[in-house]
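The values are calculated or read from the model by the stated rules, or taken from the named source; none is laboratory data. All values derive from a computational prediction rather than experimental measurement. A quick note on method: Cβ atoms are made from the backbone with ideal geometry, for glycine too, and the neighbour counts reach across all protein chains shown.
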Amino acid sequence: MPAFKTEVPHQLGKDEAAQKLQGFVESASQRFQGQVSEFEGEWVDATFRFKLKTYGFKITGEMAVEEATVRLEGTIPFAAMPFKGKIEKSFAAAVEKTLA
């Protein structure tokens, strides 16, 4: 399966960034209920591992919160390759907005 990856820099420190992103994950899962199904996710320390299905595509990945960056990476099906850039940009934009 093809991979996607993006990094978002921040200046909040690991703990504050992780706390903000935990709140974001909770609100996003509620807000996008109509577009996302089969959502599963768990935080292990400052890393969020997830699986979801959107528009028929299964996406798996992890969001790792580090001291000065948030790293997003995962896999998408081959059929979703035309949307890889949009997926990466959407994830990055949501993280940037949450940490602003």
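Some observations on this one:
- Every residue from region 81-100 that is free of Cβ contacts under 8 Å to residues at least 60 places away in the same chain and surrounded by 13 or more Cβ atoms within 10 Å (Cβ to Cβ): PHE83
- The lone criterion from (1) of a type outside the set (Lys, Arg); (2) surrounded by 13 or more Cβ atoms within 10 Å (Cβ to Cβ); (3) touching a residue at least 40 places away in the same chain (Cβ under 8 Å); (4) touching a Lys or Arg at 6+ places or on another chain (Cβ under 6 Å) left unmet by GLU67 is number (2).
- Entry remark, region 23-38: residues being free of Cβ contacts under 8 Å to residues at least 40 places away in the same chain and surrounded by 14 or more Cβ atoms within 10 Å (Cβ to Cβ) number 3 in total.
- Answer from GLU73, GLU67 - the residue that is part of a loop (DSSP other than H, G, I, E, B), of a type outside the set (A, V, I, L, M) and in contact with a Gly (Cβ under 8 Å, 6 or more places away or on another chain): GLU67
Residue-wise test of (1) hydroxyl-bearing (Ser, Thr, Tyr); (2) more than 17 Å from GLU88 (Cβ to Cβ); (3) at pLDDT below 95.
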position: ALA3; (1), (2), (3): no, no, yes
position: GLN11; (1), (2), (3): no, yes, no
position: ARG31; (1), (2), (3): no, yes, yes
position: GLN35; (1), (2), (3): no, yes, yes
position: VAL65; (1), (2), (3): no, yes, no
